[in-house]
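For reference, the structure discussed in these notes is given below.
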């Protein structure tokens with residue numbers, strides 16, 4: 001009787017990567033998401049949503065982020081980016097219920113800014129944000145300990161992107177920092193470095209490294225060497241005390257899973273395919289993509305640029321696909337050609353968890369007197385997060 005020999009099979013690097021036992025240093029987690037959305041929901045749900053919303057009347061106010069599906073946007077009372085929507089909610093004190101069709105950190109911001117008499121509902125609690133999840137409160141406190149040990153915490157000002165959890169906003173408020181949006185990141189950094197403002201020698205920018213880097217280099221004229229990346233999964237962020245002391249921008253190793261997928265090849269390919277195209281990208285894109293683009297700006301900036309564009313102009317847009325498709329459809333009758341920057345379809349997977357079935361459930365539950373999926377922020381966290389937000393609102 002013979003004993004079978006186990007073949008000596010060596011796994012390939014690709015196999016190890018797929019099994020989670022390898023790493024690709026050229027990639028970023030969550031940036032590859034091919035595929036398409038399923039067909040729109042059952043038309044019968046449209047009538048149910050309308051009926052429930054009519055029953056609720058002014059008691060409900062539905063907010064729709066620009067990246068939402070069309071079937072959800074149809075029922076939004078207002079649309080916009082995360083901070084605009086949170087402020088819109090606060091400006092409607094008569095609305096007892098705020099249904100936020102967005103992601104978790106956006107609903108938190110709405111709860112922070114609205115009154116105690118208002119309740120914020122997120123139709124699907126699984127609608128999170130990969131970028132916001134890349135910085136936890138514990139990780140950021142460990143980072144601050146590392147800055148303290150290096151002797152640089154006292155002259156470091158935290159600036160946190162709106163796309164962050166309430167805990168991170170509260171951390172920012174406690175440590176004398178401010179919040180920023182993609183529209184006012186430059187003003188926030190100028191405030192942080194100004195002796196009459198934040199008065200810092202350096203900035204800890206959370207949690208999107210690309211927005212921080214692009215703003216520092218493109219808008220403030222810093223050199224790439226002025227920026228270092230803090231990796232929360234490595235001891236001391238993978239940085240030496242000397243690197244922390246020499247840095248002007250300490251960038252958190254986080255990114256947007258949608259905007260992080262656009263590459264320099266995407267820009268080159270679309271220019272070859274569509275002569276005369278204008279490349280317009282969001283500042284959450286990688287620095288080399290931003291440097292190669294014709295125009296760069298926030299979601300609201302992108303919408304305004306398309307609105308003001310001349311008839312017959314051609315645009316390749318580097319942002320979430322739902323918005324790009326909506327803009328393409330809206331301006332096609334004016335002869336404006338609008339295409340997605342990358343040929344591979346990529347929706348924001350967590351944003352798209354808010355669909356018509358979830359919205360109908362939220363509205364019908366409220367109409368029946370039941371509050372489902374309410375988002376609340378504890379009082380102390382809300383206080384310090386509000387401090388940071390108010391510093392942003394006070395920016396010149």
Relative contact order (%) - criterion: Cα under 8 Å, at least six apart; region: segment 132-256: 29
Whether segment 250-396 is rounded, prolate or oblate, judged on the alpha carbon gyration tensor where a/c under 1.5 counts as rounded: prolate
Gaussian network model of the chain, Cα within-10 Å springs - most flexible of 81, 219, 167: 219
Residue-span extension gain [residue 223 to residue 138] - 0.36 nm each, minus C-alpha spacing: 27.6 nm
For segment 259-299 versus segment 42-87, the gap between their alpha-carbon centres in whole angstrom: 31
Distance (nanometres) between label positions extended 7 Å along Cα→Cβ at residue 78 and residue 311: 3.3
Contact order normalised by residue count of the chain, Cα under 8 Å, 6+ apart, percent: 22
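Normalised by the number of residues in segment 259-340, what is the relative contact order in percent for Cα pairs under 8 Å and 6+ residues apart?
29 percent.
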Cα shape, segment 132-256, gyration tensor, a/c 1.5 rule: rounded
Residue exposure sequence - 227, 180 - by fewest surrounding Cβ within 10 Å: 227, 180
Nearest-0.05 FRET efficiency for residue 46 and residue 234, computed from C-beta distance (R0 51 Å): 0.55
Highest-MSF residue in the chain out of 58, 74, 272 [GNM, Cα springs under 10 Å]: 272
Residues residue 264 and residue 87, FRET efficiency given R0 of 51 Å [Cβ-Cβ distance, rounded to 0.05]: 0.90
Most fluctuating residue given options 134, 351, 222, as computed from a GNM of the chain linking Cα atoms under 10 Å: 222
Listed candidates [x] 17.5; [y] 19.0; [z] 26.3 - label of the one calculated as mean projected area of the Cα convex hull in nm²: [z]
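A short reminder: the numbers here are calculations on the coordinates, not readings from a lab. Note that the structure is predicted; figures quoted are calculated from it, not measured. Counting neighbours? That spans all protein chains shown, and the Cβs are built from the backbone with ideal geometry, glycine included.
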